[in-house]
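J.: Take this structure, written in structure tokens, and hold onto it; I'll ask about it next.
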Amino acid sequence: MEKKKLDVGLYGFTGCNGDQLVIIHSEDRLLDFFGSANIKSFSLAKSDNDDSELDIAFVEGSVSNQEQAERVKEIRERSKFLVAIGNCACYGGVQAMEMGQDTWDHRFEKVYGESFLENRTPVESKPIDLAVKVDFYLPGCPIDADQFFRCFGHFLRGEQPAMPDYPVCAECRWKENECLLLKGVLCVGPLTASGCGAVCPSHNLPCVGCWGVVKEGNVTSEFDLLKEKGFSVEAIKNRMRMHTGIGIMKPLKNILGVY
Amino acid sequence: MAEIIVEPLARVEGEGGITVRTEGQKVKEVSFDILEGTRLIETLVVGKTPEEDVSITCRICAICTLSHRYAALRGLEKALGIVIPPKAHWMRSLMHLGEFLESNSLHVFLLALPDFLGYPNAVAMLDKHADDVVKGLALKKYGNKIMRLTSGRMIHGENPTVGGFGKYLDRRTLLDLKKEAAELLPAAERAVEIVAGLDIPSFFEKETVFMCCEPGDSEYGLVGDQIKISDGKTVPVEQYRSLTNERFSPHSAAKHCLYNGKPYTVGAIARMNNLGERLKGRSRTLFEKHWNKRWLRNPVYNNLAQAIELVWSLEQIPLVVDNILKHEDDPAIVKPSRTQGEGVGAVEAPRGTLYHNYRIKDGLVAEANLIIPTGQSLEDIEKYLRIAVEEMLKQKADDHAIRMQCEIIARSYDPCISCSTHMVSIERT
């Protein structure tokens, strides 16, 4: 007996659309993807989208206005599983790097002045799980195609997807790269979730942290190490916050007392 | 009063829509609404290092990530007194061409073509147009491959950095890319043939102004320190504010631009109209065959302009590869010669001229101002939408037909909505 195909929707909120684009860019597998499930909604790729019940909703982007918060709630209600894909959905993305610092009102006014937007009510960008329950997280800026299709394959087989929980440093060693930290370069590889294949260190450039903080990443130790190497607290904070949004807030607060 | 709303506009990058308000046969209001959430990117780069700026601003958009990176690098390097070596310059040209191949083929084959052939998406076209979809995908894949190889990964690769590149491509990889470019030329020519065969209605035609980078040396190109305008003027990029005149519009989270109080067009059609006479080789032949005066009045020809640019890009790659190989001994990265200064970087993104303006103080970004192609085209899009709807109301067209026509017009600009919503500080006078 043929198994019923999964009903799947892909949604994009605020961000660069890079995660949906990673899926579109996977050419050969894209056709298999469209063939292996009922793709009910994928606005970047098609125009005949509907808002029906879903087995899985993949959601990209941060929630950056009240209308999006409502919309993601509505998607959640009709989806069995909701997967946050990409750093914006998982942690808020670069636009959430100043989360918790009360700078948003001031910055918004700097950009828009006294003017208001007719159709939307903007809020400070936040990750999806501050608006609804998220079942799985697929980080990355952008996500990695292999990791996405592996995750999707798990769902097709009725399994729960599993993500690697080791830092970029592990992948960096597998590639036998020279350690940039030892050379005195501000690299956040030890804190960052892997999955990219240590791509930046493999190009002689420091890891910028764009996959968010790895589970059990030792922020205190990295902070002290970088201070020892002569970097200012400001420079370390900036670099750690850049791509990690809400992911770094608590550990940094523990180290610095204030955020 | 009746309303026709297209929201969200599908097969464009980001969240946008079109609202048309009519009263009888009159158009009350037409707006191309930018509904994307606000990110305030320009406020986030303040206090960051130039390298961090590049890593942040490229995230404005996944499709034009390398154009953003390139514009940022040009602006920052001017501010920091860096002159990059020829090898780095030509590597940047290669990555930029990769993005044009990726973006133009994505738009022509997967986003625009389904409209004209009456399909909801490109996958649905497979039954009857499999050969062409496969050709489009092959071109896009090649563009993606160049982006991946030059920048480190397909999207938001960090390899192009301030002063040069972390790592350069080896001779063998470069020669393979050169070979592949030649092999794909027929696919790009096919793109031109398909798009040239489409019927483009003329009832909304009207003159406009075209703007693009002046690449210099009487060449067709994608970067420059001057802007060429179709009214005959050439203006240094430092004067970009007087060309773009950004202003706020309440229905749009992106700011609108006007030149001398009038809408203007940027993108492939602007480049072809302003620089097409400079093309050589196959792209020249195709330009001569297909260009006509309607291109000056009808934005839908942007699709054909993008297709001809696919051919041009493939013809450029062998030249660019040879130039990289000529300068193999150049240094990888050049260090800044100062820690403060100001610079404006302008490049052509696939959808038009992109400006990154920075002031650097004590080695950190003190101020940033970015002007994005789609923001510049918004007034122009609305102008043509209004004319089209007015005409269609006269002809008693139904809502569905009006909606379809509006979508075709808006989509032909290849709007990039994520890009357009990053915003710029309002200047109050």
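The values are calculated or read from the model by the stated rules, or taken from the named source; none is laboratory data. Only a predicted model underlies this, so the values are computations on that prediction, with no experimental measurement involved. Note that we place each Cβ from the backbone using ideal geometry, even for glycine, and neighbour counts take in every protein chain shown.
J.: Among the residues in segment B:117-128, are any within 14 Å of chain A (Cβ to nearest Cβ) and farther than 21 Å from A:F33 by Cα? Steps first, answer last, please.
T.: Within segment B:117-128, the first condition is being within 14 Å of chain A (Cβ to nearest Cβ), and the residues that meet it are B:117-127.
With farther than 21 Å from A:F33 by Cα added as a condition, the list becomes B:117-118.
Yes: one or more hits.
J.: Here's another thing I want to ask about it. In segment B:57-72, is there at least one residue being away from chain A (no Cβ under 14 Å) and at pLDDT 90 or above?
T.: Restricting attention to segment B:57-72, the residues satisfying the condition of being away from chain A (no Cβ under 14 Å) are B:70-71.
Restricting the remaining residues to those that are at pLDDT 90 or above gives B:70-71.
Yes, segment B:57-72 contains at least one residue that is away from chain A (no Cβ under 14 Å) and at pLDDT 90 or above.
J.: Still on this structure, I have one more. Specify which of the listed residues (A:P122, A:P139) is within 25 Å of B:G17 (Cα to Cα), in contact (Cβ under 8 Å) with a residue 24 or more places away in the chain and either within 15 Å of the chain's Cα centre (by Cα) or at the interface with chain B (Cβ under 8 Å from one of its Cβ atoms) (or both). Talk me through it step by step, then tell me what you get.
T.: Values: A:P139 fails: within 25 Å of B:G17 (Cα to Cα).
Going through A:P122, A:P139 in turn, the sole match is A:P122.
J.: When you go through A:L21, A:L44, A:L31 one by one, which is the residue that is within 11 Å of chain B (Cβ to nearest Cβ), in a helix (DSSP H, G or I) and touching a residue at least 24 places away in the same chain (Cβ under 8 Å)?
T.: Values: A:L44 fails: in a helix (DSSP H, G or I); A:L31 fails: touching a residue at least 24 places away in the same chain (Cβ under 8 Å).
Unique residue meeting the criteria: A:L21.
J.: Within segment B:187-232, restricting attention to residues that are of a type in the set (V, I, T) and more than 22 Å from B:E102 (Cα to Cα), which residue is modelled with the lowest pLDDT?
T.: Start the filter on segment B:187-232 by keeping residues that are of a type in the set (V, I, T), which leaves B:192, B:194-195, B:200, B:208-209, B:223, B:227, B:229.
After this cut, where a residue has to be more than 22 Å from B:E102 (Cα to Cα) as well, the list is B:200, B:208-209, B:227, B:229.
Numbers: B:I200: 92, B:T208: 96, B:V209: 97, B:I227: 98, B:I229: 98.
So the residue we want is B:I200.
J.: For residues that are among the charged types (D, E, K, R) and within 9 Å of chain A (Cβ to nearest Cβ), tally how many sit in segment B:148-166. Write out each step before concluding.
T.: Going residue by residue through segment B:148-166, those that are among the charged types (D, E, K, R) are B:148, B:153, B:158.
If we keep only those that are within 9 Å of chain A (Cβ to nearest Cβ) too, we end up with B:153, B:158.
Number of matching residues: 2.
J.: Further question on the same structure: Residues B:P336, B:P350, B:P331, B:P318: which one is modelled with pLDDT of 90 or more and under 22 Å from A:N17 (Cβ atoms)?
T.: Details: B:P336 fails: under 22 Å from A:N17 (Cβ atoms); B:P331 fails: under 22 Å from A:N17 (Cβ atoms); B:P318 fails: under 22 Å from A:N17 (Cβ atoms).
Criteria check complete, one pass: B:P350.
Residue by residue, here is whether (1) surrounded by fewer than 19 Cβ atoms within 10 Å (Cβ to Cβ); (2) touching a strand residue (DSSP E or B) at 6+ places or on another chain (Cβ under 6 Å); (3) not polar (S, T, N, Q) holds:
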| position | (1), (2), (3) |
| --- | --- |
| A:S52 | yes, yes, no |
| A:D55 | yes, yes, yes |
| A:E77 | yes, no, yes |
| A:V83 | no, yes, yes |
| A:Q95 | no, yes, no |
| A:H106 | yes, no, yes |
| A:P127 | no, no, yes |
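J.: Spot the failing condition for B:K145; the list is (1) closer than 24 Å to B:L304 by Cα; (2) within 12 Å of chain A (Cβ to nearest Cβ); (3) modelled with pLDDT under 95, and only one is missed.
T.: Condition not satisfied by B:K145: (3).
J.: Taking segment B:43-55 as the region of interest, how many residues are within 7 Å of chain A (Cβ to nearest Cβ), surrounded by 24 or more Cβ atoms within 10 Å (Cβ to Cβ) and touching a Leu at 6+ places or on another chain (Cβ under 7 Å)?
T.: 0
J.: Follow-up. Residue by residue through segment A:237-259, note down the ones that are touching a residue at least 12 places away in the same chain (Cβ under 8 Å) and farther than 27 Å from A:S64 by Cβ.
T.: Once the filter is applied, which keeps residues that are touching a residue at least 12 places away in the same chain (Cβ under 8 Å) and farther than 27 Å from A:S64 by Cβ, segment A:237-259 yields A:N254, A:I255.
J.: Further, regarding this structure: For segment B:383-417, what are the residues that are under 29 Å from A:L21 (Cβ atoms) and among the charged types (D, E, K, R)? Before you say what the answer is, go through the steps one by one.
T.: Kept after step one, since they are under 29 Å from A:L21 (Cβ atoms), are these residues of segment B:383-417: B:384-385, B:403-417.
Within segment B:383-417, B:R403, B:E407, B:R411, B:D414 qualify.
J.: Next question, about the same structure. Say whether the condition of being among the polar types (S, T, N, Q), buried (at least 22 other Cβ atoms within 10 Å of the Cβ) and within 14 Å of chain A (Cβ to nearest Cβ) is met by at least one residue in segment B:244-257. So that I can check it myself, show each step before the final result.
T.: The initial filter retains those residues of segment B:244-257 that are among the polar types (S, T, N, Q), namely B:244-245, B:249, B:252.
If we keep only those that are buried (at least 22 other Cβ atoms within 10 Å of the Cβ) as well, we get B:244, B:252.
Going one step further and asking which of them are within 14 Å of chain A (Cβ to nearest Cβ), we end up with B:252.
Taking every residue of segment B:244-257 in turn, at least one turns out to be among the polar types (S, T, N, Q), buried (at least 22 other Cβ atoms within 10 Å of the Cβ) and within 14 Å of chain A (Cβ to nearest Cβ).
J.: Could you list, in sequence order, all residues of segment A:157-198 that are exposed (fewer than 14 other Cβ atoms within 10 Å of the Cβ) and more than 30 Å from A:D55 (Cα to Cα)?
T.: A:R173, A:W174, A:K175, A:E176, A:E178, A:L182, A:K183, A:G184
J.: Do you know which of the residues in segment A:213-236 that are outside any helix (DSSP H, G or I) and either touching a helix residue (DSSP H, G or I) at 6+ places or on another chain (Cβ under 9 Å) or within 14 Å of chain B (Cβ to nearest Cβ) (or both) is surrounded by the fewest Cβ atoms within 10 Å (Cβ to Cβ)?
T.: Of all residues in segment A:213-236, those outside any helix (DSSP H, G or I) come to A:213-218, A:229-232.
Cutting the leftovers down to either touching a helix residue (DSSP H, G or I) at 6+ places or on another chain (Cβ under 9 Å) or within 14 Å of chain B (Cβ to nearest Cβ) (or both) gives us A:213-214, A:217-218, A:231-232.
Details: A:V213: 25, A:V214: 24, A:G217: 23, A:N218: 14, A:F231: 17, A:S232: 10.
Here the residue is A:S232.
J.: In a helix (DSSP H, G or I), more than 11 Å from every other protein chain (Cβ to nearest Cβ) and either within 20 Å of B:P318 (Cα to Cα) or among the aliphatic types (A, V, I, L, M) (or both), is that true of B:H96?
T.: Values: in a helix (DSSP H, G or I): yes; more than 11 Å from every other protein chain (Cβ to nearest Cβ): yes; either within 20 Å of B:P318 (Cα to Cα) or among the aliphatic types (A, V, I, L, M) (or both): yes.
Answer is yes for this residue.
J.: While we're here: When you scan segment B:286-296, do you find a residue that is within 23 Å of B:L137 (Cβ to Cβ), at pLDDT 95 or above and out of contact with any Cys (no Cβ under 8 Å at 6 or more places or on another chain), even just one?
T.: yes
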